[in-house]
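The values are calculated or read from the model by the stated rules, or taken from the named source; none is laboratory data. This one's a predicted model, so the numbers in the text were calculated from it and none came from an experiment. Cβ placement follows ideal geometry from the backbone for every residue including glycine, while neighbour counts extend to all protein chains displayed. Areas reflect the complete protein model, heavy atoms only, side chains present, ligands, DNA and RNA absent. Shrake-Rupley method; radii C 1.70, N 1.55, O 1.52, S 1.80 Å.
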Amino acid sequence: MRLRRCYTPQQLHAPARLELDPRSHHHLVNVLRMRAGDAVILFNGDGHDYHGTLLEASRRQASVEISRQSANNRECACRITLMQGLAKGERMDWVMQKATELGVHAIQPLITERSSVQLSGARLDKRLAHWQAVVISACEQSGRARVPAVLEPVSLKTLRDSANGVVLHPGDYPRLPQVVEAPNGLDLAIGPEGGFSTAEVTRLRQVGFVAASLGERILRTETAALAALALLTLGDLREGLAAG
Ligand code: SAM
């Protein structure tokens, strides 16, 4: 049986016994229907996996005995921050999930002229918590033990100098692989459904972003994010192939 992984915000160490927080309890016992005696891996974002066994798995509480810990090295060597133009609900969720699977370091939602979504106050808090849940669940599934930061949306107008930034924009620009020498520490800006305005591309270029294209076809914003991240993170796979 596939070993279940579960995020918990609690401090973890091995050996230890701990009672699970409400979310992990619900996830393991009600969603995954795990029972006492089942093996589980817990992680809290510190880069380790904590291997253990469910001691108790009742409706009221669940506890785990952690027997050992191991370093988890599934992180992408490049620290890419995806600066994603705010798109509508499901698209944004999809981008967050796939970007996490592809190893993104952080996700910075960008408020742009053509973003049709308005977020503030309680609605913003709710959406941030939702996005956090999406990336955590993608870490559980993909085996990552570090959770990418989901930052509060910022206006594109407030962006300051980027030493290593690329803005993706359809048009007569060099292709993405031509402008990225090394994706380490890259800020990757992608427009919302309606794209960036000309003024926004100019502004991004003024603060150091290099404009790049993904080819002749116009991709949906979520496809563009996925294609660009796959291109940039495939370096890891190539190294793996070379190493045999
Ligand atoms: N009509 C909009 C425009 O021309 O900008 C299309 C926007 S596209 C649906 C959404 C975002 O995906 C764009 O702002 C860009 O960041 C990215 N994108 C889509 N296709 C692209 C391409 N061929 N080259 C570069 N970026 C692309």
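Worth pointing out:
- Scanning residues 5 or more positions from V210 or on other chains, those with amide H under 5 Å from its amide H are G165, V166, V167, with H placed 1.01 Å from N in the peptide plane.
- The Q206 and S70 beta-carbon pair, evaluated with R₀ = 45 Å, returns a calculated FRET efficiency of approximately 0.45.
- Note on the chain: antiparallel DSSP beta bridges, both residues inside, total approximately 40 percent of the bridges counted.
- Cβ crowding within 10 Å averaged over residues, with 133-139, 179-185 ranked highest first: 133-139, 179-185
- With the charge dipole of the chain set up from +1 on Lys and Arg Cβ and -1 on Asp and Glu Cβ about the Cα centre, the Cα lying farthest toward the positive end among the listed residues H130, H26, P148 is that of H26.
- Solvent-accessible area per residue for the chain (1.4 angstrom probe, square angstrom): 53
- About the centre of its Cα atoms, segment 134-182 shows a dipole size close to 80 debye [charges on the beta carbon of Lys, Arg (+1) and Asp, Glu (-1) only; nearest 20 debye].
- Shown in residue order for segment 95-106 are the 3J(HN,Hα) couplings computed by the Karplus curve 6.51 cos²θ - 1.76 cosθ + 1.60 at θ = phi - 60°: 4, 4, 5, 5, 4, 5, 4, 7, x, 4, 7, 8 Hz (x for Gly and Pro).
- Selection from P109, G208, Q11, by position along the positive dipole direction of the chain (Cβ): Q11
- Overall, the anisotropy analysis places segment 81-243 in the oblate class: the square-rooted eigenvalues a ≥ b ≥ c of its C-alpha gyration tensor yield a/c not less than 1.5, with a/b not exceeding b/c.
- Formal net charge of residues neighbouring Q84 (Cβ-Cβ distance under 10 Å; K, R +1; D, E -1): 0
- Mean separation of Cα pairs under 8 Å and 6 or more residues apart, divided by the residue count, gives segment 42-168 a relative contact order of 26 percent.
- Once backbone amide H atoms are built at 1.01 Å from N, R4 has I41 as its partners under 5 Å, excluding neighbours fewer than 5 places away on the same chain.
- Estimated from helical segments only, the mean residue ellipticity of the chain at 222 nm is -9500 deg cm²/dmol, where each DSSP H run of four or more residues counts as -39500 (n - 2.57).
- Fully extended contour minus Cα-Cα distance, from R4 to L219, at 0.36 nm per residue: 73.9 nm
- Calculated P(r) of segment 4-71 - Cα pairs past 16 Å, %: 34
- Accessible carbon and sulfur surface of the chain relative to its total accessible area, %, 1.4 Å: 49
- Charge dipole (debye, nearest 20) of the chain; +1 at Cβ of Lys and Arg, -1 at Cβ of Asp and Glu: 500
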